[in-house]
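The values are calculated or read from the model by the stated rules, or taken from the named source; none is laboratory data. Given the structure is predicted, the values throughout are model-derived calculations rather than measurements. Methodologically, a virtual Cβ is constructed for each residue, glycine included, from the backbone with ideal geometry; neighbour enumeration extends over all protein chains shown. Please note that ligands, DNA and RNA were not included when accessible areas were found on the heavy atoms of the full protein model with its side chains. Shrake-Rupley method; radii C 1.70, N 1.55, O 1.52, S 1.80 Å.
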Amino acid sequence: MADVSAPSNAPWNELVALARSGDRAALGAYVDALDDADWVHAFARLDAEERAAVLAALAPAHAAELLEDVHDVHAAEAVGELAPAEAADILVALPSADRADLVAQLDDAHADAILVATPRETAESVRDLLQYAPDTAGGRMVTEYVAVPMAWTADELVRHLRENVERYRGFISQYVYALGPRGELAGVLPLRDLLLAPRTRALAEVMIREPVRVAAGATLGELFELFERHRFVSIPVVDDASRLVGIVLREDVDEARLDKAQLDEQRSRGIIGGEELRSMPVLTRSGRRLAWLTLNIGLNLLAAAVIDAYRETLAAAIALAVFLPMISDMSGCSGNQAVAVSLRELALGIVRPQEFLRVWWQEASLGVMNGIVLGLLVGLVAFAWKGSAPLAAVVGAALALNTLVAVSIGGIVPLALRRMGFDPALASSPILTTVTDICGFFFALSFATLALPRLGGA
């Protein structure tokens, strides 16, 4: 619920008070006076019922406009608390892709009830979009576009646009799509070219034939690559019969790229059950974190087993125990840098999953250089602290070699996981952590065992 300990004029408390007052005009004016960041923050501070009350107290078109700014989870929670008829009014006012995204997050029963209350054409459009996987061109496309028969003349098209100015006013695309007799995409005409075209010329004579297009099942990676190659505002989406079914906007693909990067970052940090927000139920958040943490218990037992195997060495050279966490942590940091670069290059299409050797060679070259530098620095620290050259050599050599191992693993594991069909952002970090811990402890303790006569009581 809204924070009652906060001042009564805090934005989230003010929103609830105005919603309960029933003064739609006052609530609308107050929301409009907030900047986007304050609105998103205030909406997030409310519980689901309060969010629904705010939306219900606004005009549906205004509520839909505001929902586009808030997080998808908060939007779905709020709409899930509305009566089907209220939710349907808001749904109609949303862009087509946002409608489908919102309905997809609702439970099936409530989603069906809302679609039943929604005008037939809009409901069918939502159902059509829901048939596509979310991370495909079909799942990301919008159905707000202008498409006309290619047999039309430029004059007919201009007259059509003028007669439907209110319908097309909010459309983002800067192109008109020309269709063949079976609805297939035949060409595209930029609006600026339409203005310069002779009025009596058929669109088939002035349109760009065989325009760039994308299949409805194309992945986000393919969309990223396509928009990297072409500086279009939008790209048409076609089905298996080349019929135009929608358009995918550059801004939506850029947003999807950012969302994916943020989700990958969460996964790499141990949030593996999906996106987490602190407004979610505690049990849900706990389960998502524990799934990662319990896995890491098992992985850390492997590293502990290595230490246990060398307990006599540790007892004889107790100072070495101080440096084991440093060797592990520094190597892990180097490895995570390699993981980050591989994930980024995979996302951009710069590197392919099968290019193990090239990536390993580039990382190994860097690993040798950085390993030597880091090994020397840590070795100097060990020597300055204990005055033992053998201890310095053991610590420095272990860190140098483990850095090489870490960057090699960090560079190629994401590629291997992607090639095997696993999510590299999810699994790379635990694999890297386990390997660098085991190898770091093994190198340090093995070298120490060999140099034990010289280490003395270090």
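So how much slack lies between residue 73 and residue 225, counting 0.36 nm per residue of separation and subtracting their Cα-Cα distance, in nm? Working shown, then result.
Details: separation 152, 0.36 × 152 = 54.72 nm, distance 2.82 nm.
Full extension of this stretch gives 51.9 nm more.
Taking the DSSP beta bridges in region 122-200 as the whole, what percent of them are antiparallel, to the nearest 5?
55 percent
Per the helix-only calculation at 222 nm, which mean residue ellipticity applies to the chain, given -39500 (n - 2.57) for every DSSP H run of n ≥ 4 and division by its residues, nearest 500 deg cm²/dmol? List each step's numbers first, then the result.
On the way: 24 runs with 310 residues, N = 458.
Theoretical 222 nm ellipticity from helices: -21500 deg cm²/dmol.
Using a basic spin-label model with each label point 7 Å from the Cα along Cα→Cβ, how many nm lie between residue 286 and residue 61?
Roughly 4.7 nm, to one decimal.
Report the accessible area of residue 360, computed with a 1.4 Å probe over the heavy atoms of all protein chains in place, in Å² rounded to the nearest 10.
Answer for residue 360: close to 100 Å² accessible.
If I fit a long axis through the Cα atoms of helix 356-386 and take the longest principal axis of the Cα atoms of the chain, what angle between them do I get, 0 to 90°, rounded to 10?
50 degrees
Heads up, I need the accessible area for residue 209: 1.4 angstrom probe, whole protein in place, Å², nearest 10.
140 Å²
Roughly speaking, what is the centre-to-centre gap between region 36-115 and region 181-226 when only Cα atoms are used, to the nearest Å?
Centre-to-centre distance over Cα atoms comes out at 34 Å.
For helix 24-33, what angle does its Cα long axis make with the longest principal axis of the chain, in degrees from 0 to 90 and rounded to 10?
Approximately 50 degrees, to the nearest 10.
Over region 47-164, calculate the relative contact order: mean separation of alpha carbon pairs under 8 Å at least 6 apart, over the residue count, as a percent. If you can, show how the numbers build up before the last one.
Details: 96 pairs, mean separation 26.6, N = 118.
About 23 percent, as a whole number.
With a ≥ b ≥ c taken as the square roots of the eigenvalues of the C-alpha gyration tensor of region 59-112, please select rounded if a/c is under 1.5 and otherwise prolate if a/b is larger than b/c or oblate if it is not?
Values: a/c = 1.44, a/b = 1.21, b/c = 1.19.
Note, shape of region 59-112 comes out rounded.
So, with +1 on the Cβ of K and R and -1 on the Cβ of D and E, and no other charges, what is the size of the charge dipole of region 116-169 about its Cα centre, to the nearest 20 debye? Before the final figure, lay out each step's value.
Details: 7 positive and 9 negative charges, 19 e Å.
I would put it at about 100 debye.
Roughly speaking, to the nearest percent, how much of the chain's 1.4 Å accessible area is carbon and sulfur? Don't skip to the end; give the middle numbers.
Details: 13740 of 23490 Å².
Carbon plus sulfur share of accessible area: 58 percent.
For the chain, what is the accessible area per residue in Å², given a 1.4 Å probe and the full set of protein chains?
51 Å²
In debye, nearest 20, what is the charge dipole magnitude of region 141-217 about its Cα centre with +1 on Lys and Arg Cβ and -1 on Asp and Glu Cβ, if you could check? Let's see the in-between values first.
Working: 10 positive and 9 negative charges, 14 e Å.
Magnitude of the dipole: close to 60 debye.
Read through the labelled values (i) 1.01; (ii) 1.11; (iii) 0.96 and report the label of the one computed as Rg/Rh (Cα atoms, Kirkwood Rh) from the structure.
Identified label for the calculated read-out: (ii).
For residue 169 and residue 212, compute 0.36 nm times the residue count separating them, minus their Cα-Cα distance, and round to one decimal in nm.
Details: separation 43, 0.36 × 43 = 15.48 nm, distance 2.48 nm.
Here the segment from residue 169 to residue 212 would lengthen by 13.0 nm.
How would region 112-252 be classified by its alpha-carbon gyration tensor: rounded, prolate or oblate, with rounded meaning a/c under 1.5 and the a/b versus b/c comparison settling the rest? Spell out each step's value before the answer.
On the way: a/c = 1.93, a/b = 1.32, b/c = 1.46.
It is oblate, given that a/c is not under 1.5 and a/b is not larger than b/c.
Taking every DSSP beta bridge with both residues inside the chain, roughly what % is antiparallel (nearest 5)? Don't skip to the answer; put the middle values down first.
On the way: 16 of 22 bridges.
So the antiparallel bridges in the chain amount to around 75 percent.
Using a ≥ b ≥ c from the Cα gyration tensor of region 139-218 (square roots of the eigenvalues), is it rounded, prolate or oblate, where a/c under 1.5 gives rounded and otherwise the larger of a/b and b/c decides, a/b for prolate? Can you show the working numbers first?
Details: a/c = 1.91, a/b = 1.25, b/c = 1.52.
Verdict is oblate for region 139-218.
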